[in-house]
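Asks: One structure, pasted below without further comment.
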Amino acid sequence: MTESPPFVIFALPRSRTFWLSKFLSYGEWVCAHDQANHARSIEDVRAWLSLPWTGSAETAAASFWRLALDIRPDLKIVTVRRSVGEVIGSLLRTGISFDRAAVETHIRRLDRRLDQIERFAPGVVSVDYYDLTKEETCRKIFEHCLDLPHDRGRWAAFHRTNLQVNLAAELRYLRGYASQLRQVEASCVRRIKTILRPARMGEPDATGITIQEEPFSEAWKGAEPIMAEHCLAVGEDPEAWRDFNVPLMQKLEEMGAISVMTARCNGRMIGYLATILSQAVNKKNTIHAVQMGLFVCRDGANHDVGLKLTKAAVERAKQKGASEILMRSGIRGDGPRLDVLFRRLGAKENGRLFTIEREAA
């Protein structure tokens, strides 16, 4: 049996996480429940995530997903979504007294972190709480987390079983170790702030994505697997990229007149943006930079890769002496949405672009 990366299920309390921890403790695999509550240092977290056949269903650790991914970039993640109102209602039905206002504030904060995980963490499987009664949903979680074929016998044995954590005992534990938990939480927050430091050019950011400038020849080779997707996105034949004027771009590279910014994740290209630099005809000793061909494939769509590429390309063009950067929001694909991205960077609208095409003979 080949060792598989660990997994974490992030959810709000009262979202059937204890049941999931038992369902996913299968074969070599051990799925804990709220394992983060037993950590006393970041090294404890690191050691736990290094264990083979390891997973956990977490109801209070969503704020620390960046730390977990920093330690294990290959971490498999599932989110289970249940509305805040239903979670509070479920907690009230337990009969345990608590400060409702404080708990609701905490639950809403965790719910926002789940939104963040789904937007920025790679490869997340998200499911609805009520769909956990369906075999297909549990099959998806089982196969994603354990890298094993779904076991229908396991499902049959578990799906009608009502498993509940001893909430009173959990709360006693949290009160007893409150001081230690606050200390490790502070350490994790400090570490996350370091992770969130803006990545330098060529360094992977917190999501494992690297933005860098590459020679045209290298970028072209890396982009080939996703250029068909780009062509389809703008309504062209998937092989249209083969008609690009590669010899011209190679000459521009020799002249230092083209800059290609790329985004890669684990070495695989997920986005690119080319910028053409030239002398301005309306002003001496002035360089214009024209951005063209921005594309981000589906795998990078939830990580602001388009914004990161554009920002990096603007900064690089300035370093190369460009005094004016022209960015086009076209009418094909996601072109119209680029207006918002450009304005986020401080760009101002500068007229409109019109096209006349010669009719084919």
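Asks: Can you tell me which residue within the range 99-117, out of those that are closer than 22 Å to Leu75 by Cα and free of Cβ contacts under 8 Å to residues at least 60 places away in the same chain, is nearest to the chain's Cα centre (by Cα)?
Replies: Narrowing the range 99-117 to residues closer than 22 Å to Leu75 by Cα: 110-117.
Keeping just the survivors that are free of Cβ contacts under 8 Å to residues at least 60 places away in the same chain gives 112, 115-116.
Numbers: Arg112: 15, Asp115: 11, Gln116: 8 Å.
Among them, the one singled out is Gln116.
Asks: In addition: Restricting to the range 5-51, name every residue that is without any contact (Cβ under 8 Å) to a residue 60 or more places away in the chain, small (Gly, Ala, Ser) and not in a strand (DSSP E or B).
Replies: Result: Ser21, Ser25, Ala36, Ala47, Ser50.
Asks: Restricting the search to the range 116-132, which residues are at pLDDT below 95 and either surrounded by fewer than 15 Cβ atoms within 10 Å (Cβ to Cβ) or not assigned by TED's automatic domain parsing to the domain that holds Lys22 (or both)?
Replies: Passing the criteria: Gln116, Arg119, Gly123.
Asks: While we're looking at this one, here's another question. If you go through the range 318-344 one residue at a time, how many are part of a loop (DSSP other than H, G, I, E, B) and farther than 21 Å from Thr286 by Cβ? Break it down into steps so the answer makes sense when it comes.
Replies: From the range 318-344, those part of a loop (DSSP other than H, G, I, E, B) are 320-321, 327-334; that's our starting set.
Those still in the list that are farther than 21 Å from Thr286 by Cβ too: 329-334.
Residues in the range 318-344 being part of a loop (DSSP other than H, G, I, E, B) and farther than 21 Å from Thr286 by Cβ: 6 in total.
Asks: Further question on the same structure: Quick check on my filter: what residues within the range 289-309 are at pLDDT 90 or above and either assigned to a helix (DSSP H, G or I) or crowded, with 18+ Cβ neighbours inside 10 Å (or both)?
Replies: Listed by number, the residues that qualify are Ala289, Gln291, Leu294, Phe295, Val296, Leu309.
Asks: Going by the structure shown, is Ala156 among the aliphatic types (A, V, I, L, M), within 24 Å of the chain's Cα centre (by Cα) and farther than 27 Å from Cys297 by Cα? Break it down into steps so the answer makes sense when it comes.
Replies: Working: among the aliphatic types (A, V, I, L, M): yes; within 24 Å of the chain's Cα centre (by Cα): no; farther than 27 Å from Cys297 by Cα: yes.
Judged against the criteria, Ala156 is not a match.
Asks: Do we have any residue at all in the range 310-328 that's touching a residue at least 24 places away in the same chain (Cβ under 8 Å), of a type in the set (Asp, Glu), in contact with a Phe, Trp or Tyr (Cβ under 6 Å, 6 or more places away or on another chain) and surrounded by 13 or more Cβ atoms within 10 Å (Cβ to Cβ)? Don't jump to the end; show me each part of the working.
Replies: Narrowing the range 310-328 to residues touching a residue at least 24 places away in the same chain (Cβ under 8 Å): 310-314, 316-317, 320-328.
Still in the list and also of a type in the set (Asp, Glu): 324.
Those left that are additionally in contact with a Phe, Trp or Tyr (Cβ under 6 Å, 6 or more places away or on another chain): none.
Checked the range 310-328: no residue is touching a residue at least 24 places away in the same chain (Cβ under 8 Å), of a type in the set (Asp, Glu), in contact with a Phe, Trp or Tyr (Cβ under 6 Å, 6 or more places away or on another chain) and surrounded by 13 or more Cβ atoms within 10 Å (Cβ to Cβ).
Residues are listed down the side, and each one gets a yes or a no for (1) in a helix (DSSP H, G or I); (2) surrounded by fewer than 22 Cβ atoms within 10 Å (Cβ to Cβ); (3) modelled with pLDDT of 95 or more; (4) not assigned by TED's automatic domain parsing to the domain that holds Glu118:
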| position | (1), (2), (3), (4) |
| --- | --- |
| Met1 | no, yes, no, yes |
| Ala57 | no, no, yes, no |
| Pro73 | no, yes, no, no |
| Val78 | no, no, yes, no |
| Gly85 | yes, yes, yes, no |
| Gly95 | no, yes, no, no |
| Phe98 | no, yes, no, no |
| Ala102 | yes, yes, no, no |
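Asks: Now for a different question. So in the range 3-48, with the set limited to residues that are closer than 17 Å to Asp128 by Cα and among the polar types (S, T, N, Q), which one is surrounded by the fewest Cβ atoms within 10 Å (Cβ to Cβ)?
Replies: Looking at the filtered set, the residue picked out is Ser21.
Asks: While we're looking at this one, here's another question. Out of Ala223, Ala228, Ala206, Ala219, which single residue is in contact with a Pro (Cβ under 6 Å, 6 or more places away or on another chain), outside any strand (DSSP E or B) and either closer than 28 Å to Val125 by Cβ or at pLDDT 90 or above (or both)?
Replies: Details: Ala223 fails: in contact with a Pro (Cβ under 6 Å, 6 or more places away or on another chain); Ala206 fails: in contact with a Pro (Cβ under 6 Å, 6 or more places away or on another chain); Ala219 fails: in contact with a Pro (Cβ under 6 Å, 6 or more places away or on another chain).
One residue alone meets the criteria, Ala228.
Asks: Condition first: assigned by TED's automatic domain parsing to the domain that holds Tyr129, farther than 25 Å from Gly176 by Cβ and among the basic types (Lys, Arg). Can you find one or more residues in the range 7-26 that meet it?
Replies: Within the range 7-26, one or more residues are assigned by TED's automatic domain parsing to the domain that holds Tyr129, farther than 25 Å from Gly176 by Cβ and among the basic types (Lys, Arg).
Asks: I've got another one for you. Restricting to the range 231-257, name every residue that is within 29 Å of Gln279 (Cβ to Cβ), without any contact (Cβ under 8 Å) to a residue 24 or more places away in the chain and not in a loop (DSSP other than H, G, I, E, B).
Replies: Within the range 231-257, Trp241, Asp243, Pro247, Leu248, Lys251, Glu254 meet the criteria.
The values are calculated or read from the model by the stated rules, or taken from the named source; none is laboratory data. As the structure is a computational prediction, the values presented were derived from the model and not from experiment. Cβ coordinates were reconstructed from backbone atoms using ideal geometry, including for glycine residues, and neighbour counts include every protein chain displayed.
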